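Everything on this sheet refers to the single structure shown next.
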Amino acid sequence: MAVTEGMSLLQAWWAAPIGQGASGTSLAMSKFSPLVFVTHGITPLGYAAFAFTLGVTAGALIQRTVPDMAVTLVLFAAVQIAMPLWIRPNLFTPNHTTVAIGRDISFSNNTQGNFTLATGSLAGQLGAWILSSGAVDAAGHPVSTAPSACTQAMVNGAGPSGLHCLHCLHCLHCLHCLHCLHCLASHGIRIAVTYQPASRYWAFEWTETGIYLAAPWPWPGTASGGSAAASPEGPSEEKPPLSPFSPAPH
């Protein structure tokens, strides 16, 4: 486990200049990204401890090398998939906010006036983990159909595939896209965002590591291979030693 943590720290040190160089570009990755989170901080220590515990327990219960390894690999992979998808996002209650249509958004629409809006960042929340985002109306209700006043702009601006440019406020030449967005914003359309603040990063690291470290250790008796349970005659009673004055058994 110490080697695992040492390798993790070495990898983080090596990748730090690359992350700084990519900052502010499309290549930049959030530290909450599944590929980044599992290789930085202290979580690799928890993963190593959990894998070791899982392997020892499987070995003690199954007692066959190849099946032990297969079971350990399958269970560990399943946990690694479940953690970032369903467990990690809910370790802490996420924050909710509503923001105006601005920069760093994704926008798509079709000729029927249907559209989607999403954002990849929050002003004043640098590095926040965006869990979900979508368009809402002035009352805060989810919306996917443009107001009638904006439908014509949708029809005029939709391309052959029905998709508009992504991050469209960066595409200043995309006039139809901008027209659509301005029309939506003028009718109270905003973006509702569910997110985890960047300030919770180390809370996530410590909590997830604690979960792995608190995983059940091998059951009592399994380390010896369960020899007592395997005895066909059941547990034997220990007999007291014979006294030199006792009569010899027949």
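Take the solvent-accessible surface of the protein heavy atoms, probe 1.4 Å, and return the percent of it on the stretch 49-156 that carbon and sulfur atoms account for.
On the way: 3780 of 6000 Å².
On the stretch 49-156, the fraction of accessible area on carbon and sulfur atoms equals 63 percent.
As a calculated quantity, the FRET efficiency between V66 and H187 at R0 = 45 Å, using C-beta atoms, amounts to about 0.10. Between F52 and L91, the simple spin-label model (points 7 angstrom out along Cα→Cβ) gives 2.0 nm. Ligands, DNA and RNA aside, V136 has an accessible area near 10 Å² when probed at 1.4 Å.
The values are calculated or read from the model by the stated rules, or taken from the named source; none is laboratory data. Just so you know, these numbers come straight off a predicted model, no measurement behind them. All Cβ positions, glycine included, derive from the backbone under ideal geometry; neighbour counts span all protein chains shown. For accessibility, only protein heavy atoms count, side chains too; no ligands or nucleic acids. Shrake-Rupley method; radii C 1.70, N 1.55, O 1.52, S 1.80 Å.
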